[in-house]
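Here is the structure we will look at, set down as structure tokens.
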Amino acid sequence: MSRYPRTRECRRVVSCLALLFALPLLALPDAPAVAVQLEVGKAGPRRVETETERRIAAGYRLAWANLAQALASSDTGPLDALFVGQAKQWLQERVNSQKQSGLSTRYSNQHHQLQAIFYSPEGDVIELHDTAEYQTEMLDGDKRIHSDRESHHFVVLMTPASDRWVIRQLLEVPQF
């Protein structure tokens, strides 16, 4: 018995599995684009470890994608996984207010420049300064009533949860 038929069969199985795992990634273009750059060199008193830096950036990126989804759909559900405390409460109020008015907001082309300012000695909180730029569209149904490219500054507190970093505080400030 030749090994070639078995090898071809294995290749087909591997190809099918690769396609199966890639399918969720094919849906990503519909998700809002969020670019995050995180600078941790000046954080202290504790040094930010490479894996922690990666997880914070990934959590922040996903949080803003979820925020964009919540505002676009006027649904607070997407906020549940990555926002807690005051940040979650403030954003839920914003989404609910928008829902009552019948409007929706669409964020696109998001670019976030994060600077880690403070990382606690225990590793249980990090303070970030975010200079964010994004396109905002206000919609009444399908009709665009306002569009603008905006720059914002946020002071952010993130804390670790069981398997990710979450945003606990998201406070917009006029400047740093």
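Shown in residue order for the range 108-114 are the 3J(HN,Hα) couplings computed by the Karplus curve 6.51 cos²θ - 1.76 cosθ + 1.60 at θ = phi - 60°: 8, 6, 7, 10, 10, 9, 9 Hz (x for Gly and Pro). Gain on full extension, evaluated as 0.36 nm per residue between K42 and H129 minus their Cα-Cα distance, stands at 30.1 nm.
Modelled this way, with points 7 Å down the Cα-to-C-beta line, the labels at R144 and R94 are 2.1 nm from one another.
Is the shape of the range 87-145 rounded, prolate or oblate, going by the alpha carbon gyration tensor and its root eigenvalues a ≥ b ≥ c, with a/c under 1.5 for rounded and a/b larger than b/c for prolate? Note, shape of the range 87-145 comes out oblate. Inter-label distance, F118 to S162: 2.9 nm, where each label sits 7 Å from its Cα along the C-beta direction.
Every number here is computed from the coordinates shown, using simple stated rules; none is lab data. Just so it is clear, the structure is predicted and the values come from calculations on it, not from any experiment. Cβ atoms come from the backbone with ideal geometry, glycine included; neighbour counts cover every protein chain shown.
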